[in-house]
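Below you'll find the structure, written out as structure tokens, and then a few comments.
The values are calculated or read from the model by the stated rules, or taken from the named source; none is laboratory data. This one's a predicted model, so the numbers in the text were calculated from it and none came from an experiment. Methodologically, a virtual Cβ is constructed for each residue, glycine included, from the backbone with ideal geometry; neighbour enumeration extends over all protein chains shown. Surface areas here come from the heavy atoms of the whole protein model, side chains and all, with no ligands, DNA or RNA. Shrake-Rupley method; radii C 1.70, N 1.55, O 1.52, S 1.80 Å.
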Amino acid sequence: MVEQATQLLEGVEFTHRWYRQFLQRLLGDGYDFRTFSGELGDGDVALRHDVDLRIDAAVEMAQIEADLGVTSTYCVLLTSPLYNPLEGEHRESLQKIDSLGHEVALHFSTHEYWPAESPPEEADLETRVAEERAILETVVPPTETVSFHRPPSWVLDYDFDGFQNTYGPGFFTDIDYIADSSQRWRDDPPPLEALPETMQILTHPGLWGEEDASFDKRIEMAVSHTCSHASRNARREFMNGGTN
Ligand SMILES: [Zn+2]
């Protein structure tokens with residue numbers, strides 16, 4: 001059984017099947033799934049998801065994890081070009097993720113406010129983060145955790161006073177950090193032969209699906225999903241006898 005799972009895991013496919021097997025492997029190895037609210041120790045894994053592309057994909061991943069008794073942290077953008085978390089349908093999806101036992105946190109894009117090469121005063125950053133967290137709180141109570149979107153160098157390996165940074169040393173440089181960004185696991189898979197004692201794992205739910213697909217294809221799929229969602233809702237709201 002273990003051998004079968006190992007065979008399946010060789011060569012990462014960005015499918016829910018592979019992801020489920022990956023989680024089963026971690027569970028089988030005895031890892032404890034932790035949040036970012038405390039220090040991580042031996043045998044702990046902090047599992048985080050940055051929702052860059054699709055909230056519906058996040059719900060699917062959240063359900064897979066809940067079925068296995070795994071909890072994780074879903075980090076949500078307020079500044080995404082692809083979804084609006086305040087929209088009713090998305091609000092319900094985020095509440096569903098919360099009700100499955102996962103944490104919801106802010107995914108914060110500094111790029112919306114400051115150029116990457118000129119960092120703000122720390123107090124200004126904390127103010128902006130607090131403002132966005134307050135908005136997210138109208139949807140679902142977020143944790144103290146904040147994950148930075150496309151993190152600039154000045155947020156890496158640094159602890160902020162106002163929130164728990166997923167790129168703080170205790171979750172990043174002091175432990176192993178294994179991220180699927182741009183589907184890099186295809187060339188550089190998680191070290192399944194010798195998984196680290198303590199690690200943070202980051203996945204982006206929109207990069208995964210029932211069938212495997214390339215990174216570029218996943219982006220295209222997310223864009224067309226957003227376009228059809230906008231088209232359907234805008235037509236319902238403004239056309240076909242709708243009032244405005
Ligand atoms: Zn991101």
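Figures for the structure shown
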quantity: Residues of region 83-115 that turn out to be of a type in the set (Ser, Thr, Tyr), out of contact with any Lys or Arg (no Cβ under 9 Å at 6 or more places or on another chain) and surrounded by 13 or more Cβ atoms within 10 Å (Cβ to Cβ), as a count; calculated: 1
quantity: Some residue of region 206-214 being open to solvent by less than 60 Å² (accessible area, probe 1.4 Å), within 23 Å of Asn84 (Cβ to Cβ) and in a helix (DSSP H, G or I); calculated: yes
quantity: Filtered residues of region 116-162 (kept if closer than 20 Å to His49 by Cα, more than 16 Å from the ligand (Cβ to nearest atom), open to solvent by less than 70 Å² (accessible area, probe 1.4 Å) and in contact with a helix residue (DSSP H, G or I) (Cβ under 9 Å, 6 or more places away or on another chain)); calculated: Val139, Val140
quantity: Subset of region 200-220 that is under 18 Å from the mean Cα position of the chain (by Cα) and of a type in the set (A, V, I, L, M) - its residue that is nearest to the ligand (Cβ to nearest atom); calculated: Leu202
quantity: Candidates Ser153, Ser99, Ser147, filtered to the one that is in contact with a strand residue (DSSP E or B) (Cβ under 7 Å, 6 or more places away or on another chain) and under 28 Å from Phe33 (Cα atoms); calculated: Ser147
quantity: Which listed residue, of Tyr167, Tyr158, is within 17 Å of the chain's Cα centre (by Cα), in a loop (DSSP other than H, G, I, E, B), of a type outside the set (D, E, K, R) and more than 22 Å from Trp208 (Cα to Cα); calculated: Tyr167
